[in-house]
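The values are calculated or read from the model by the stated rules, or taken from the named source; none is laboratory data. The model shown is predicted, which means the values in this text are computed figures rather than measured ones. Here the Cβ positions follow ideal geometry from the backbone for every residue, glycine too, while neighbour counts run over all protein chains shown. Areas reflect the complete protein model, heavy atoms only, side chains present, ligands, DNA and RNA absent. Shrake-Rupley method; radii C 1.70, N 1.55, O 1.52, S 1.80 Å.
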Amino acid sequence: MKNPMLRTALIVALPIALAACGGGGGGSGLDQSYVARDVNTLYSLAKERLDRGRYEEAADLFNEVERQHPYSVWARRAMLMGAFAHYQDRSFTDAISASQRFLSIHPGNSDAPYAHYLIAMSYYQQIEDISRDQSITASARDAFAELIRRYPTSRYAGDARIKIDLVNDQLAGKEMEVGRFYQTQRKWLAATMRFRQVIEQYETTAHAPEALHRLVESYLALGVPAEAQKAAAVLGHNYPGSKWYERSYELMQKHGINVLS
């Protein structure tokens, strides 16, 4: 019987795929109750379930490979395949746990970058809109950053960098939402802290121009026109044609303050 082989590949629809070609035994109809099976049959059955989209069953069977044949080369491969099956099943907590376990046991394995990527993607898939808590978003950012730090030239690093940009935009959007809320409550100092957070930590996101304008509004409301003037100057220098600079310029003119060039 031909031994199954494990390989990793990027795909367009989902930038993460882990596949294996199985030998005979796929589609054999064996159930998942405990039966002692040779590793090729068991692994091939798990792969067959994965290919058919029966992800929960696949994860259970990959776990059986490890349990019944803990010292075989397939145990290590099945561990990561099981994590992928959990991911496909949208059981993200299980996918993260399985991937972390793989890394704790096989930290130097050639598939370690993929395990890190699977963890990051599992967090990423759970991101919710900015009206909700963004702790998962921060976890996704940290996981992608860890992947890039450890494996900057891996096949997953490029997509991780793109995902970090998207995640940062999400986190900046949350800061903006909170800052605008504080403005409606006339809590100007609290608002400025949120907007400064955007400028200092997420300056490359699309939210930066508005954050600068909101700083102008908040500083003027606080009675510190010099700080408003500085924020307007930065806005004008970096985003001279934006609607946010136009609004800040008009606001400064109404207060009789020139915008620094």
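Solvent-accessible surface of the range 142-204, taken per residue with a 1.4 Å probe and all protein chains present: 57 Å².
Helix 73-88 and the longest principal axis of the C-alpha atoms of the chain enclose an angle of approximately 50°. All Cα-Cα distances of the chain, cut into 10 Å bins from zero to the largest, leave 7, 25, 22, 16, 12, 10, 6, 2, 0 percent in each bin in turn. Straight-line reach from LYS230: taking Cα to Cα under 28 Å and skipping same-chain neighbours fewer than 8 places apart, the lysines in range are LYS174, LYS187, LYS243, LYS254. Across the accessible surface of the chain, with the other protein chains kept in place and a 1.4 Å probe, carbon and sulfur atoms take up 50 percent. For the range 93-221, the direction-averaged projected area of the alpha-carbon convex hull comes to 8.3 nm².
Near MET176: Cβ cut-off under 14 Å, other residues only, Lys/Arg at +1 and Asp/Glu at -1. The net charge is -3.
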